[in-house]
Each structure stands twice: as C-alpha cells, then as structure tokens.
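Peer 1: I'd like to ask some things about the structure below.
The values are calculated or read from the model by the stated rules, or taken from the named source; none is laboratory data. Just so you know, these numbers come straight off a predicted model, no measurement behind them. Quick reminder, even Gly has a Cβ in these numbers, built from the backbone with ideal geometry, and neighbours come from all protein chains shown. SASA here: full protein model, heavy atoms, side chains in, ligands and nucleic acids out. Shrake-Rupley method; radii C 1.70, N 1.55, O 1.52, S 1.80 Å.
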Amino acid sequence: MKIKSFDWIWLNWLFWGRVLTASAFFMFVGSMPYLINLWNLTAIEAGIVQTGLVIGFAISLYLSSYYSDFINPNKILIISAVGNFISAILFTYLTNSFLSAFFFNSCLGFFLGGIYGPSMILVSEKFAKGHKAFAMGVMLGGQSFGYALSLAISFVFSNFYNVRDGFLICSILTFFGLISFYICCKEDLRKKIQFKIIRKFKITSQSPQNKLLIKGYTAHSMELFGMWAWTPVFLGLVLIDKVNINPIFLGIIIALSLHVTGIFSNMISGGFADRFGSKSVLVIFALVSSLFSFLIGWTSSWNGFIILVIALFYSFFTIGDSGVLTAALTQGTKRNVLGRSLAFRSIIGIGCSSVIPGIFGLILDISNNHQALSDKSNWIFAFSFLGLIGLFASYYATKLNRKMLL
C-alpha cells in the first residue's frame with residue numbers, strides 16, 4: 001500500500017464514517033432516565049445494560065485488531081459497519097426489556113469496537129511520519145463527535161418527543177456512516193495483505209519502547225474512564241444551584257461539552273506531536289491532566305462558570321493524548337504484528353480501566369461516610385486518585401526514547 005504524505009480526501013471520508021457510525025453508541029445512555037421507567041428497569045439492570053456495551057466493545061476491539069494481521073482490515077471495517085447498522089435498527093424496534101436491551105446494546109458495542117480497531121491500523125498504513133499523529137487525532141475526533149451526537153439526539157427525543165424516533169435517526173446515521181466507509185475503502189477492499197504473515201507471535205513480546213507506551217496508555221485510559229464516568233455527576237450536583245438553567249438542558253450541556261472537547265483535543269495534540277515530537281506532547285498532556293484531576297475536587301464551592309471552564313480543560317487534556325499514544329505505537333511496530341500489539345494494548349488498557357469508576361465510587365463512599373452525594377460532598381480524595389494515575393502516565397512518557405518516536 002502506498003503511503004502518502006497526507007491524503008485529506010481519504011481521511012475526510014474516514015472521519016465522517018467514524019462520526020456517523022458512533023452516533024448510535026450512546027443511545028441507551030442518553031435515554032436511560034426515560035427507559036428505566038418505560039422498561040421497568042432497576043438501577044442495577046440499567047448499569048448492566050451499559051456494561052454489556054463496554055464488554056462487547058472490548059472483545060471486538062481485541063478481535064478486530066488481532067485479525068487485522070491476517071485479514072484485510074478494510075474488509076473488517078466494512079463488515080463491522082454493516083453489523084453496527086443492523087444492531088442499531090434491531091435495538092430501535094426490538095428492545096422492550098432488560099434482556100433485549102442488554103443483548104442489542106452489547107451488539108452495538110461489539111460492532112463499534114470492530115470499527116475502531118481497523119480504523120487505527122488503516123490510518124497507520126496510509127500516513128507517514130510527520131502526519132500520522134494528526135491523522136490519528138482526526139479519526140478519534142470523529143468518534144468523539146459521534147458520541148456527542150448520540151447523547152444529544154437520544155436525550156432530546158426521549159425527553160421531548162418519541163424515544164424510538166430518536167433511535168431511528170441515530171440508526172439512519174449509522175447507515176450513512178457505512179456509505180462513507182465504503183467510499184473510503186472501496187479501492188483497497190480487494191487488495192491482498194502486502195506483508196509476510198507471522199503466524200506465531202507472542203503479544204507479550206513487545207519492545208521496551210512499546211511496553212512503556214502500553215503502560216502509559218493504560219494509565220491514560222484509567223484516568224479517562226474515571227473522568228468520563230464521574231465528572232458529569234460532579235458537575236450536575238455542583239452546578240444545579242449555581243446556574244439558572246433547566247436541569248435537562250444543563251445535562252445536555254455537560255454531556256456534550258465533555259465529548260465535544262475530544263474532537264479538537266486529539267487533532268491539536270496530534271498536530272503538535274507531528275511538529276514538536278510525541279514525547280513532549282505526551283509528558284505535557286498527561287501532567288496537565290493530572291493537575292486538573294487534583295484541582296477539580298476542590299472547586300465545588302467556586303463560581304459555576306469557572307467550574308465548567310475547568311471541567312472543559314480537564315476533559316481536553318485527559319483525552320488529548322489518545323491519538324498520540326496510538327500513533328507512536330503504530331510507528332514503532334512492524335505491520336505484520338501491529339494488529340496483535342494493538343489488541344494486547346486494548347485489552348490491558350480497557351480491562352484495567354473498567355474497574356476505575358467503581359474504585360472512584362468506593363473512595364467517595366468512604367470519604368463521605370457513606371452519605372448521599374451532593375454539592376457539599378468531599379470530592380477531593382476520589383479525583384486525587386485519578387490524579388495519581390495521571391502522574392504514572394506522565395512518568396512513563398518521560399522514559400520514552402525521543403529518537404524512536406514520531
């Protein structure tokens with residue numbers, strides 16, 4: 001496959017494919033308050049439904065990355081996009097209970113994970129050093145944009161219109177995402193893999209540089225998952241009496257703002273990495289993110305506008321090094337084992353990250369003597385726990401060999 005300096009047209013189709021296929025990912029989350037009553041779900045059942053999405057995503061991210069060392073990743077991408085559209089339609093019309101919601105939401109997670117894995121590999125194949133980090137950031141920015149669309153559409157329709165009409169709109173968007181992917185990949189769909197396939201490869205046999213990148217990615221993901229899970233809760237509790245906004249619209253603003261920042265942060269950090277080097281960007285973004293984790297727990301009594309601005313910068317720096325970490329790993333890994341390296345990184349990173357929201361909640365319970373959460377609760381220790389994790393991400397970045405990175 002010919003590597004181009006920068007193929008904007010190809011990347012543009014990939015970006016919109018990521019936006020549109022991700023637009024069904026958070027349909028359940030955006031409609032959860034309404035669906036709990038409609039489908040007679042308990043809080044535990046609602047949480048399990050969303051856990052199914054994450055489990056499905058993790059499994060398919062591993063499998064799709066792993067088998068991209070043996071199968072044309074363009075084919076895996078298109079097949080996953082077809083499954084994503086079908087799952088969204090089935091979720092729209094067949095979900096009416098806990099079991100059906102769990103099954104079809106898990107399917108949505110599974111097929112979107114199957115999109116994510118090949119997307120990373122295709123970007124690494126298409127772009128050379130000096131453009132790869134920005135291109136990876138654009139791809140991940142499209143994913144964040146799709147998450148924001150999914151939350152907004154499902155939330156608005158469940159509160160003001162018909163919840164299934166909102167699901168249908170999200171499902172139709174995934175179809176257009178499939179079309180965008182097909183336009184992006186059609187020239188390469190029938191191409192055979194152009195490298196020697198290595199059947200036996202221990203995915204734990206990474207280079208020292210890759211091991212540092214995987215450790216850094218794991219710490220980054222753990223802080224990110226904790227931030228995503230609990231910052232909206234924190235903001236909802238502390239801002240409700242500080243701003244004169246309808247609680248429903250406040251929820252939309254919080255959810256969208258935390259995901260929309262991901263659109264720009266990955267592109268900006270990727271551009272900086274291509275120009276100034278990945279190591280500097282990774283160290284700075286991880287360190288600043290950690291500092292915001294340490295800071296935000298102290299702000300509950302501050303002015304509401306200042307709190308929201310801090311939260312936006314917090315989100316910006318926490319998610320911003322995702323694309324740089326991925327681009328750096330792809331740059332230092334041979335293509336015939338890249339899929340398995342990404343698969344190993346993903347399962348370690350997501351596996352460790354999945355327990356962080358629970359640990360955060362445990363720290364909240366202990367530090368608040370198991371009292372109900374409010375704007376007066378002590379958030380300092382729980383967010384500081386995320387800050388400590390962020391420091392590990394920054395530390396691992398300082399150990400990287402600058403000459404071996406982008």
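Peer 1: Could you identify which residue out of T330, T95, T218 has the top mean-square fluctuation in a GNM of the chain using Cα springs shorter than 10 Å?
Peer 2: T95
Peer 1: For the chain, what are the DSSP H helices with axial Cα length of 24 Å or more and mean Kyte-Doolittle hydropathy of at least 0.0?
Peer 2: In the chain, the long hydrophobic H runs are 43-66, 73-94, 98-126, 132-160, 163-185, 208-239, 247-276, 278-296, 335-353, 380-398.
Peer 1: Moving on. In debye, nearest 20: dipole of the chain around its Cα centre with unit charges on the Cβ of K, R (+) and D, E (-)?
Peer 2: Computed about the Cα centre, the dipole is about 2060 debye.
Peer 1: Something else now. Rounded to the nearest 20 Debye, what is the dipole magnitude of the stretch 174-304 about its Cα centre when Lys and Arg each give +1 and Asp and Glu each give -1 at the C-beta?
Peer 2: With only Lys, Arg, Asp and Glu charged at Cβ, the dipole is about 1040 debye.
Peer 1: Need the list of aspartates and glutamates near K334 for cross-linking: C-alpha distance under 15 angstrom, and skip anything on the same chain fewer than eight residues off.
Peer 2: Leaving aside aspartates and glutamates fewer than 8 places away in the same chain, those within reach of K334 are D69, E125.
Peer 1: Which of I363, S100, G141 sits farthest toward the positive end of the charge dipole of the chain, with +1 on the Cβ of Lys and Arg and -1 on the Cβ of Asp and Glu?
Peer 2: Among I363, S100, G141, the one farthest towards the positive end of the dipole of the chain is G141.
Peer 1: If you don't mind, there's one more thing I want to ask. Roughly speaking, what is the centre-to-centre gap between the stretch 215-261 and the stretch 324-398 when only Cα atoms are used, to the nearest Å?
Peer 2: Cα centres, the stretch 215-261 to the stretch 324-398: 16 Å.
Peer 1: Considering the values (i) 157; (ii) 127; (iii) 143, which represents volume of the Cα convex hull per residue in Å³ as calculated for the structure under consideration?
Peer 2: Comparing each candidate, only (ii) matches the computed number.
Peer 1: Keeping the other protein chains in place, figure out the carbon and sulfur percent of the accessible area of the chain, with a 1.4 Å probe.
Peer 2: Whole-percent figure for carbon plus sulfur exposure: 69.
Peer 1: If you don't mind, there's one more thing I want to ask. Go through L90, W10, P208 and say which Cα lies farthest out towards the positive end of the charge dipole of the chain; charges sit on Cβ, +1 for Lys and Arg, -1 for Asp and Glu.
Peer 2: Going by the charge dipole, the pick is P208.
Peer 1: Can you tell me the accessible area per residue over the stretch 212-356, all protein chains present, probe 1.4 angstrom, in square angstrom?
Peer 2: Ligands and nucleic acids excluded, the result is 36 Å² per residue.
Peer 1: A further question follows. Expressed as a whole number of Å, what is the distance separating the alpha-carbon centroids of the stretch 96-175 and the stretch 4-55?
Peer 2: Here the two parts' Cα centres lie 5 Å apart.
Peer 1: If exposed trypsin sites (Lys or Arg not before Pro) are those in a DSSP loop with at most 15 other Cβ within 10 Å, what is the longest stretch of the chain that has none?
Peer 2: 203-333
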